[in-house]
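Here the structure is laid out as structure tokens; the discussion comes afterwards.
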Amino acid sequence: MAVWTVSADADDGRRGRLTGPVFGAPCALGRGGMVPADSKREGDGASPMGSYALRRVYFRPDKVEQPLTALPCEILRPEYGWCDDAESPHYNRLVRLPFGPSHEKMWRDDDVYDVVVVIGHNDAPVVPGLGSAIFMHVARGGFTPTEGCVALTLDDLTRFLRQVGPEDTLKIG
């Protein structure tokens, strides 16, 4: 069991570094920097501090090969979404589109969700309003801030996935 640590840069809390056993890579963090997990709120753009399980990997088979990983891995489908409506009983869960309440589309036109790792934030149990869709995913050019996720280059994310195991944890902050 390994602990993978995300730490913020001293001069810009929206950027950081993921480190682990013989691994290090720059990453983008939330536009709101990092906040304690119990202070995280839906839509605040902050990355929640804490230690989290890595639940599942989704990937776009039309854009990338299935990542080599010991984590559970699933093909991302065009009808997948992620509920971000705190009033919905499906809050912070994968949903199938079309879906009435507010949600994120997982099948995106950009490359950000070509590979997505679901982080175990606010999922056991789900608390409405404490944040949803906290993932590891592919970074935008220039490591621009995320909405609360941890984003790496595709090469670094796939390298991370080759090394991570199902018992490992991600420590943000």
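Do we have any residue at all in region 55-73 that's crowded, with 19+ Cβ neighbours inside 10 Å, within 14 Å of the chain's Cα centre (by Cα) and more than 21 Å from Asp156 (Cβ to Cβ)? No: region 55-73 contains no residue that is crowded, with 19+ Cβ neighbours inside 10 Å, within 14 Å of the chain's Cα centre (by Cα) and more than 21 Å from Asp156 (Cβ to Cβ). Residues in region 84-99 that are surrounded by fewer than 18 Cβ atoms within 10 Å (Cβ to Cβ) and aromatic (Phe, Trp, Tyr): Phe99 only. When region 10-44 is limited to residues that are part of a loop (DSSP other than H, G, I, E, B) and in contact with a Ser or Thr (Cβ under 8 Å, 6 or more places away or on another chain), the one that is surrounded by the fewest Cβ atoms within 10 Å (Cβ to Cβ) turns out to be Arg31. Of all residues being more than 14 Å from the chain's Cα centre (by Cα) and β-branched (Val, Ile, Thr) in region 126-140, which is most open to solvent (accessible area, probe 1.4 Å)? Just the residue, please. Per the stated criteria, the residue is Val127.
Being surrounded by fewer than 16 Cβ atoms within 10 Å (Cβ to Cβ) and either over 17 Å from Ala133 (Cα atoms) or not charged (D, E, K, R) (or both) is the filter here, so list the residues in region 74-83 that pass it.
Across region 74-83, the qualifying residues are Ile75, Pro78.
Checked against (1) at negative phi; (2) assigned to a strand (DSSP E or B), Gly50 passes all but a single condition, namely (1).
The values are calculated or read from the model by the stated rules, or taken from the named source; none is laboratory data. None of these values were measured; they are calculated from a predicted model. Cβ sites come from the backbone with ideal geometry, for glycine too, and all protein chains shown count toward neighbours. All accessible areas refer to the heavy atoms of the entire protein, side chains included, with ligands and DNA or RNA removed. Shrake-Rupley method; radii C 1.70, N 1.55, O 1.52, S 1.80 Å.
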